[in-house]
1. Give me the helices (runs of 4 or more DSSP H) completely within the stretch 44-156, filtered to those with at least 3 residues that are outside the structural domain of Ile20 (by TED's automatic domain parsing), ordered by residue number.
2. Would you check if Arg66 is in contact with a Gly (Cβ under 8 Å, 6 or more places away or on another chain) and without any contact (Cβ under 8 Å) to a residue 60 or more places away in the chain?
3. Looking only at the stretch 192-228, filter to residues that are in a strand (DSSP E or B) and touching a Leu at 6+ places or on another chain (Cβ under 9 Å); which one of those is surrounded by the fewest Cβ atoms within 10 Å (Cβ to Cβ)?
4. In the stretch 44-63, which residues are in contact with a Gly (Cβ under 9 Å, 6 or more places away or on another chain) and surrounded by 20 or more Cβ atoms within 10 Å (Cβ to Cβ)?
5. Condition first: of a type outside the set (A, V, I, L, M, F, W, C), touching a Lys or Arg at 6+ places or on another chain (Cβ under 9 Å) and outside any loop (DSSP other than H, G, I, E, B). Now tell me which residues in the stretch 16-31 satisfy that.
6. Can you pull out the residues in the stretch 2-19 that are surrounded by 11 or more Cβ atoms within 10 Å (Cβ to Cβ) and touching a residue at least 40 places away in the same chain (Cβ under 8 Å)?
7. Quick test of your reading of the structure: Ala188 fulfils all but one of (1) small (Gly, Ala, Ser); (2) exposed (fewer than 13 other Cβ atoms within 10 Å of the Cβ); (3) touching a residue at least 12 places away in the same chain (Cβ under 8 Å). Name the failing condition by number.
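The values are calculated or read from the model by the stated rules, or taken from the named source; none is laboratory data. Small disclaimer: the values here were computed from a predicted structure and weren't measured. Using ideal geometry, Cβ is built from the backbone for each residue, glycine included, and neighbour counts are taken over all protein chains shown.
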Amino acid sequence: MNPDDVVLVALINTPRDLEIATREHWYRIPSKHAPKFFSGAQYLAFYLPRAFGERKWSIDTYATVRGHELARRVDLIPEEAQHPRANEIYYKLQLGEMETREPPIVSKRGRRVLFLWTNWEKFSTAREWNDLYLRTPAHEKLYDALRADNMDVEREMFVHEGRSRYRVDFLVYLPQGQIVISVGEKAAQEKLGKQIALTVTPNEIENHLARVQRTIQRAARELKQNYV
């Protein structure tokens, strides 16, 4: 196994789907939702949602990818010939034997995610979901700093602002609210109710990390003072 081998983490919806992948050695992806360049993955790992009970929000199984082909859903699951998507086209990924990931990679909170790209080095050393991301050195440096400061942080989360919904690089959870952190080209701060939104630049992270940490800690104190 090479550290740079590509691992595709994919949502598997039900225990039945995982049983099929284990027994019959294949996994289906709707062609219209397939991630770009999915054929370059050497490994496929499975993220388990709430339907898996005590195993929910974890990655505890994976397999090698041996190839793929196109097939109709009805040809893959003939017993569901009346399914509304029976004639839609899917990619059928051919898999090797299912392997157990010990210990499982866990997520503290449920994730609305279909796919996540990572590599074998990240996958083999990750303790939790946030450790899997492959982002810029600035992103990684800030993530490490937030963990060093014992922040309850999640990466690439969706937040709501009115009727809008958008993804941010980091979301820090506090008893009094949240700190929303984006990595962008222009530093900024905005207060949104029980949220404080910060934008920090890659240059600040790379060259003035201590100052960035103080800004985040100051935002945490502000939330605490306002909502005691």
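1. It comes to 137-148.
2. yes
3. Start the filter on the stretch 192-228 by keeping residues that are in a strand (DSSP E or B), which leaves 192, 195-200.
Right, trim to touching a Leu at 6+ places or on another chain (Cβ under 9 Å) and you get 195-196, 200.
Working: Gln195: 18, Ile196: 24, Val200: 25.
Result: Gln195.
4. Ala63
5. Hits for the stretch 16-31 are Asp17, Tyr27, Arg28, Pro30.
6. Correct list: Pro3, Asp5, Val6, Val7, Leu8, Val9, Ala10, Leu11, Leu18.
7. (3)
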